[in-house]
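Asker: Pasting a structure below so you can have a look.
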Amino acid sequence: VSSAIMFDAGILSCLECLEAMPWSEEEEEKVVSTLNQLDLQYSTAEVLQRVSLEPSTSENPDGIFLQLLEGILCAKDDRSRREMKSLLSVLLKGHLTHGDGSDGNGVNVNKVEINKEILYHICDKCINALLQHCMTATIVEDSGQDRGALMSEIAREADNLHWVVDILIDKKVCDEFVKLWADCSELTTLHSRIPVMYRYEISRITAQLCVAIGRGQVLVSKNLRISLLETWLEALYEDFGWMKRACKTLDKKSMEDGLGQMILTLPLAQQQSLFLKWFDRFLNRGDDCPNIQRAFEVWWRRAFVRRYISEDRSQSQLALYNS
C-alpha cells in the first residue's frame, strides 16, 4: 500500500519491521516474492540477508555437506549421532515437514543435490576403518583389547556405511558402490576369520544392496551382480542368524525377497547353482538361513515347467506339421 501511494516513510517503516520480525517459512516465501515484485527505490538487501548470501561470502555447498557428514561419523554421543543422521537423511532426500514439496508437476523441488564424490569419499573412510577394526578383531584375544569396545566400533562403522549407502541408493548413484563392495576381497577374508559377534553388522551392507538390486533401485551389469554374490553371499548366509536376532532394524522379509529377486536376475545356469546351494543350506540351517522359497519356486518353473510347456508346444507343432 505504501508503495502504491509512494509513501516513503511508510515503506521504510515496513522494511525496518520486516527486518526485525521473525518469519515462518510460508511468510518467508511471501516476503521474498512481494519484495521482488515491487519496484522500490530503497534497497531490500538488508531485509533479505537472512535468506540470501552475497557471492563473496557464500561457501561451497559441497564443503558444508562434507563437514556435516564427517561430523556425524565422528560424533561421540550415539543418540545425537542417530538423530542427526535421521535429520540429514530427510533433508538430503527432500522430505518436508510441511507442504507437499512438489512444484505442481510431481517434481520434488526441495530435494538437494550433493556431489557423489563426497559420498564415495565417506564410503572409502568407512571401509578403511572397517578393515582396521577387523584386523584388530583377528588378534583381539591376544591383544587384550576390550572386546565390547571393538564390537561397538565395528557396528558403528558398519552403521555409518549403511547410512551413506542408503543416500547413494536414494540419489540413484549406488552402482559404483556395488563394484566397490564386490571388490572388498580383503575385508571378506578378514570377515571369515573373526567371530560372528563382531562381524554380523557388516553383512547388513550386503543385504541392503541385495534389496536395492532386487527391487530395481540399483541397476548394474550381470557380471557385477555375480561378483557381488561371489564375494559376499557366503558371509551373508553365515551371519544371517545373528543379524536376525541382534539387528532390530533388519527387515527379514524384505531382505529375503530382495536376495531372491536378485538371484532371479541372473542367467538360468547361475540361478540353478545358487538355488541348489541355498536348498542344501536351508535344510541344514533352518531359520538361520534366509528363506528364499518364493524365488526358488520361480526358478523351478523357469527351469522345468515352462521349458516342458515349450517342448510340448514344439512337439505339438511338429506333429501338426507332419500330419
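The values are calculated or read from the model by the stated rules, or taken from the named source; none is laboratory data. From a predicted model like this one, the values you see are computed outputs, not experimental measurements. As a convention, Cβ positions derive from the backbone with ideal geometry for all residues, glycine included, and neighbour counts pool all protein chains shown.
Asker: Just to be sure before I move on: is Thr231 free of Cβ contacts under 8 Å to residues at least 40 places away in the same chain, farther than 20 Å from Gly286 by Cα and either basic (Lys, Arg) or in contact with a helix residue (DSSP H, G or I) (Cβ under 7 Å, 6 or more places away or on another chain) (or both) in the structure I sent?
Answerer: Here the answer is no, as Thr231 does not meet what is asked.
Asker: Kindly indicate the residue of segment 37-54 that is assigned to a helix (DSSP H, G or I) and touching a Leu at 6+ places or on another chain (Cβ under 9 Å) and also modelled with the highest pLDDT among those meeting that condition.
Answerer: Leu48
Asker: Oh, and also: Out of the residues in segment 211-235 that are surrounded by fewer than 15 Cβ atoms within 10 Å (Cβ to Cβ) and outside any helix (DSSP H, G or I), state the one that is nearest to the chain's Cα centre (by Cα).
Answerer: The extreme case among them is Gln217.
Asker: Identify, by number, the condition in (1) assigned by TED's automatic domain parsing to the domain that holds Leu236; (2) among the polar types (S, T, N, Q); (3) out of contact with any Leu (no Cβ under 8 Å at 6 or more places or on another chain) that Thr206 doesn't meet.
Answerer: Answer for Thr206: the failing condition is (3).
Asker: Given the criterion touching a residue at least 60 places away in the same chain (Cβ under 8 Å), among the hydrophobic types (A, V, I, L, M, F, W, C) and in a helix (DSSP H, G or I), identify the matching residue among Leu168, Leu180.
Answerer: Exactly one residue qualifies, and that residue is Leu180.
Asker: Please determine, by comparing only the residues of segment 252-263 that are touching a helix residue (DSSP H, G or I) at 6+ places or on another chain (Cβ under 9 Å) and without any contact (Cβ under 8 Å) to a residue 40 or more places away in the chain, which one is surrounded by the most Cβ atoms within 10 Å (Cβ to Cβ).
Answerer: Ile263
Asker: Further question: Can you pull out the residues in segment 117-148 that are more than 21 Å from Ser192 (Cα to Cα), of a type in the set (D, E, K, R) and either at pLDDT below 90 or surrounded by 17 or more Cβ atoms within 10 Å (Cβ to Cβ) (or both)?
Answerer: Passing the criteria: only Lys125.
Asker: OK, next. Can you pull out every residue in segment 276-286 that is of a type outside the set (Lys, Arg) and over 27 Å from the mean Cα position of the chain (by Cα)?
Answerer: Correct list: Leu276, Phe279, Asp280, Phe282, Leu283, Asn284, Gly286.
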